[in-house]
Amino acid sequence: MRLKTTVFIAVIGLAMLYAPAAFADGEICSASEKQEANGALGKAEDAENAGRTKEAYDAAQSVPMIDCATDGYKRRDGLIERTSKKLGAEAEKTGRFGEAFQYYSAPHRPGRLDYPLTDADRAMLKHVNANPDDYQVVSQAVRYFDSREGKPHMKDVSAIVKRGGDRMLAQEEKTFAARRDSLNDLQQAREWLNLIGDKQAEARAQQRGDTLMADDSRKSLELAISYYQFSDNDMKVRQVQDKARRLGDVHMKKGEKKIASEYYAIAGLRDKASELLKAHDAEKEKAEGSRQKQFKKEQESLEKELGL
């Protein structure tokens, strides 16, 4: 037993003796890791010095094991700051404002919250002014400026949003006049206006629902429910359903089972609607059978008269 213990201690001692010196005294990186990190960062710096700004910028974004490079964060952040500013200026000069914004805001994204964003603000405002009808661009601008301290340029961007929403509401008015189903236009208007908390699209949907509910047709009542659901008006939905149920009762008394079943379906009475539709189909099938029998009987009678 003593011999085994002695051998074990000797093995541990040898392992410690030959352990990499890079991990001594609290080191977290090996010599090879330091070499790799410094080499990658050095290549990025060499590219900058040689005027290959884009190459240097891209390389700085993905330096491996930045913790292992000498002054890694300081060198990398400085490199990104210098190259992004130059690339942003080039993009802005040629009217590529969205690209300029990405470059100007790059130093801020890794967590440098104190980095000034004046250039990024300017580029984003130019980007949204150049693309006022592009929802993706406008919504990006809203999110960006709304997140900034003091919310700079939000008044300008909000005006662009309002124009976009009003444009879709104008389109909705034409669509509703032509075919009454304008929900797709209203959805787009809501997406725009919701960016600034404007509820005009929901108010318009309420108005359309009221217009349609005044009509007794099944299509109008179905659409009215869709508009009220769009505006989250459950009370109005129930009013339409109550009206549909009453109209179903009227047609039921007339013996118009199919029409009654369709009104009951709108009213949310699915089981009753299904039963009525089955009864209607059964009556129709029975009537068709009687009609065929009568036709056959008349045919046979005619053939007998003709001596066929």
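The rows are residues; the columns are (1) at pLDDT 95 or above; (2) of a type in the set (D, E, K, R).
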| residue | (1), (2) |
| --- | --- |
| Leu3 | no, no |
| Ala10 | no, no |
| Ala22 | no, no |
| Gly26 | no, no |
| Ala37 | no, no |
| Glu45 | yes, yes |
| Gly51 | yes, no |
| Ala56 | yes, no |
| Pro64 | no, no |
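If the condition is being part of a helix (DSSP H, G or I) and either over 27 Å from Glu81 (Cβ atoms) or among the small types (Gly, Ala, Ser) (or both), then the range 115-141 contributes Ala120, Ala123, Ala130, Tyr135, Gln136, Val138, Ser139, Ala141. So, Leu87, is that one of a type in the set (A, V, I, L, M, F, W, C), more than 30 Å from Ser32 (Cβ to Cβ) and modelled with pLDDT of 95 or more or not? So Leu87 passes the test. Just one of the listed residues (Arg246, Arg270, Arg291) is of a type in the set (Lys, Arg) and modelled with pLDDT of 95 or more, and it is Arg246.
Given Met235, Met252, which one is within 32 Å of the chain's Cα centre (by Cα) and aliphatic (A, V, I, L, M)? Just one listed residue meets the conditions, Met235. Contact map, the range 211-237: first residue within 18 Å of Glu173 (Cβ to Cβ), second residue among the aromatic types (Phe, Trp, Tyr) and part of a helix (DSSP H, G or I), Cβ cut-off under 8 Å, separation 6 or more or different chains; pairs are Leu212/Tyr227. Checking Asn129 against (1) within 24 Å of Asp146 (Cα to Cα); (2) at pLDDT below 95, only one condition comes out false. Which one? With (1) within 24 Å of Asp146 (Cα to Cα); (2) at pLDDT below 95 applied to Asn129, the lone miss is (2). Does Ala260 qualify as being modelled with pLDDT under 80 and outside the structural domain of Gln188 (by TED's automatic domain parsing)? When the stated conditions are applied, Ala260 does not pass them. Restrict the check to the range 161-173 and report whether at least one residue is at pLDDT 95 or above, loosely packed, with under 15 Cβ neighbours inside 10 Å and not charged (D, E, K, R). So far as the range 161-173 goes, yes, one or more of its residues are at pLDDT 95 or above, loosely packed, with under 15 Cβ neighbours inside 10 Å and not charged (D, E, K, R).
Report yes if Asp210 is of a type in the set (D, E, K, R) and either assigned to a helix (DSSP H, G or I) or surrounded by fewer than 18 Cβ atoms within 10 Å (Cβ to Cβ) (or both), otherwise no. Yes: the conditions hold for Asp210.
The residues in the range 76-109 that are assigned to a helix (DSSP H, G or I), among the hydroxyl-bearing types (Ser, Thr, Tyr) and closer than 24 Å to Asp134 by Cα can be counted, and the count is 2. Within the span defined as the range 43-54, one or more residues are among the aliphatic types (A, V, I, L, M) and either within 29 Å of Tyr135 (Cβ to Cβ) or in a helix (DSSP H, G or I) (or both). Considering the conditions (1) under 19 Å from Phe176 (Cα atoms); (2) assigned to a helix (DSSP H, G or I); (3) in contact with a helix residue (DSSP H, G or I) (Cβ under 7 Å, 6 or more places away or on another chain), Met252 is excluded by exactly one of them, (1). Of the residues examined, Asp156 is not one that is exposed (fewer than 15 other Cβ atoms within 10 Å of the Cβ), touching a residue at least 12 places away in the same chain (Cβ under 8 Å) and not in a helix (DSSP H, G or I). Considering the range 155-179, the residues that are touching a Phe, Trp or Tyr at 6+ places or on another chain (Cβ under 8 Å) and β-branched (Val, Ile, Thr) include one that is nearest to Tyr227 (Cα to Cα), namely Val161.
The values are calculated or read from the model by the stated rules, or taken from the named source; none is laboratory data. Predicted, not measured: the structure shown is a model, and the values here were computed from it. Here Cβ is always computed from backbone atoms with ideal geometry, including for glycine, and neighbour counts include all displayed protein chains.
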